[in-house]
Number of protein chains: 2
Amino acid sequence: MPEDQETTAAAGRSPSSEVIAQALKDRVLSGGYAPGQRLIEMELAEEFGVGRGRVREAFRTLVGEGLLAFVANRGVMVRRFTREEMLSIGRTREVLEGLAARLAAERELTAEEQAALSDCQARMDRAVAADDVEEFNRENRSYHALIAQFAGNELILDFLDRARVPLMRLQLPPGAAAESMPRSNRHHHAITTAILTGMPDAAEAAMRAHVRRGNQHIAELPDEDFQ
Amino acid sequence: MPEDQETTAAAGRSPSSEVIAQALKDRVLSGGYAPGQRLIEMELAEEFGVGRGRVREAFRTLVGEGLLAFVANRGVMVRRFTREEMLSIGRTREVLEGLAARLAAERELTAEEQAALSDCQARMDRAVAADDVEEFNRENRSYHALIAQFAGNELILDFLDRARVPLMRLQLPPGAAAESMPRSNRHHHAITTAILTGMPDAAEAAMRAHVRRGNQHIAELPDEDFQ
DNA sequence: TTGGGTCAGATTGTCAACAATCTTGACTCT
DNA sequence: AGAGTCAAGATTGTTGACAATCTGACCCAA
């Protein structure tokens, strides 16, 4: 991967441990690394053009954040989840996304924020009309990220990042398969309306129901999807 | 602190980075280190009898877990929270504790688990009757820990650990001051009953109300408590 | 006094070398 | 063939030494 080399190593001279941690985090969250994949200190040290110590420290940060798993004398690997764990995590995601929706509805959103939410909703509507699953998934991700951001609560953002890790493994946001796309978008409409009209209870309830429906989707996946 | 030296350094030969991280974590959570206090690599390296690298890696883990704050070229310090941050975190804690109560109520608790919960409740009752704030605080902590454990969801345990960090700073669980002790315990009774009788909705609602009331307490603290 | 400059000590940042451990594959013996 | 053994290579664990940076005290001039 030579172009990757250029973007990461050649850019700023000698990236700090934090920069490396962020780069690795992005790769894990975007699915660049597969779950269970082992990360080799030396390889990454060479790729980033630094000593092994810096890579080790980046590893430790990500272990603390729960993205990587550490085994003594074997190094780190991208954390892997069983179906039960994913369902547990999904349950947690349910209340956190619900809280984010509530907080967004409680806040006085700025005109720009309201527009951003409406625009995102409109793009999802178009994607559903065009039956474009890819586009819908993209916008769906933005939609949830937007709401979490509007909540204005740093910890929720952190926690949701972590709670979304296992979803990457399934490539697509749960419940966004072709058949469930229209239903998912109906949920979105209920949430969008509740937030824009300032109804916290309704926003939280709608979001929780929405996420719960997605988790149900995970429960129904065949065993093969979990190795 | 010479006796501390003995308990940590002299015990097992050369503690690993993880052991050091755990030891530091305990000190932060138990108030052994004050918020804002700077931790010096060399000091700790000598105390534990290891090189600086191991201490640095322990630091990085704790930064990832949100216990320590890192500043480039200045090292780490025990993380300090503003009142706003504490309220944001409290809000998150509200839904997480609520979910834990719900999951505990949804599960079929074993006889032992039911007894443990009842016993804890009884001890709190006695503490209230005896007007023993110290004892009530201790049992209150056990009570919440017990419920989180009964939820059987690893991630909630992790998240709640993190969300409870800023409370340590205030020495006592919020809402457990002498005057609010009876009210706090009335809440506990509602929660205990809902869990033992298998009423998830009631358990979650009661727990959320309980935690929210505690957060209100934080909002009313004088500015001096936040430095 | 006050503002700024500068220097020494303290502390963190970084690496490369060596030690310890694990993994792999070939080899042997039954 | 199968199981056990061993050695070589790969990878992680650890440290000490040196470089870079920050902090605070001191000094001097306006």
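Taking into account only those residues within the stretch A:29-46 that are touching a residue at least 12 places away in the same chain (Cβ under 8 Å) and away from DNA strand D (no atom under 13 Å from the Cβ), which is most open to solvent (accessible area, probe 1.4 Å)?
Residues of the stretch A:29-46 that are touching a residue at least 12 places away in the same chain (Cβ under 8 Å), as a first pass: A:29-31, A:33-41, A:44.
With away from DNA strand D (no atom under 13 Å from the Cβ) added as a condition, the list becomes A:29-31, A:33-36.
Numbers: A:Leu29: 36, A:Ser30: 88, A:Gly31: 38, A:Tyr33: 30, A:Ala34: 49, A:Pro35: 39, A:Gly36: 22 Å².
Per the stated criteria, the residue is A:Ser30.
Going by what's in this entry, would A:Arg80 be described as more than 13 Å from DNA strand D (Cβ to nearest atom), open to solvent by 20 Å² or more (accessible area, probe 1.4 Å) and within 9 Å of chain B (Cβ to nearest Cβ)?
Details: more than 13 Å from DNA strand D (Cβ to nearest atom): yes; open to solvent by 20 Å² or more (accessible area, probe 1.4 Å): yes; within 9 Å of chain B (Cβ to nearest Cβ): no.
Against the criterion (more than 13 Å from DNA strand D (Cβ to nearest atom), open to solvent by 20 Å² or more (accessible area, probe 1.4 Å) and within 9 Å of chain B (Cβ to nearest Cβ)), A:Arg80 does not qualify.
Have a look at A:Gly75, A:Gly53 and point out the one that is facing another protein chain (nearest Cβ under 9 Å), surrounded by fewer than 22 Cβ atoms within 10 Å (Cβ to Cβ) and more than 23 Å from A:Arg213 (Cα to Cα).
Working: A:Gly75 fails: facing another protein chain (nearest Cβ under 9 Å).
Within the list A:Gly75, A:Gly53, the selection yields A:Gly53.
Within the stretch A:190-202, does at least one residue satisfy the condition of being of a type outside the set (Asp, Glu), touching an Asp or Glu at 6+ places or on another chain (Cβ under 9 Å) and closer than 30 Å to A:Val78 by Cβ?
Within the stretch A:190-202, none of the residues are of a type outside the set (Asp, Glu), touching an Asp or Glu at 6+ places or on another chain (Cβ under 9 Å) and closer than 30 Å to A:Val78 by Cβ.
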Subject >> Subset of the stretch A:169-219 [at positive phi, modelled with pLDDT under 80 and open to solvent by 30 Å² or more (accessible area, probe 1.4 Å)] >> reply: A:Gln171
**OP:** Among the candidates A:Thr110, A:Thr61, single out the residue that is in the same structural domain as A:Leu157 (by TED's automatic domain parsing) and out of contact with any Pro (no Cβ under 9 Å at 6 or more places or on another chain).
**Re:** A:Thr110
Subject >> Of all residues in the stretch B:124-137 being farther than 11 Å from B:Asn185 by Cα and of a type in the set (D, E, K, R), the one that is most open to solvent (accessible area, probe 1.4 Å) >> reply: B:Glu134
Original post:
What number of residues within the stretch B:60-72 are in a helix (DSSP H, G or I) and open to solvent by 10 Å² or more (accessible area, probe 1.4 Å)?
Top reply: 3
**OP:** Taking only the stretch A:94-115 into account, find how many residues are in a helix (DSSP H, G or I) and either surrounded by fewer than 17 Cβ atoms within 10 Å (Cβ to Cβ) or more than 22 Å from the chain's Cα centre (by Cα) (or both).
**Re:** 5
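The values are calculated or read from the model by the stated rules, or taken from the named source; none is laboratory data. All figures in this text were calculated on a predicted structure; none of them were measured in a lab. Positions of Cβ are backbone-derived with ideal geometry, glycine not excepted, and every protein chain shown enters the neighbour counts. Heavy atoms of the whole protein, side chains included, go into the accessibility calculation; ligands, DNA and RNA do not. Shrake-Rupley method; radii C 1.70, N 1.55, O 1.52, S 1.80 Å.
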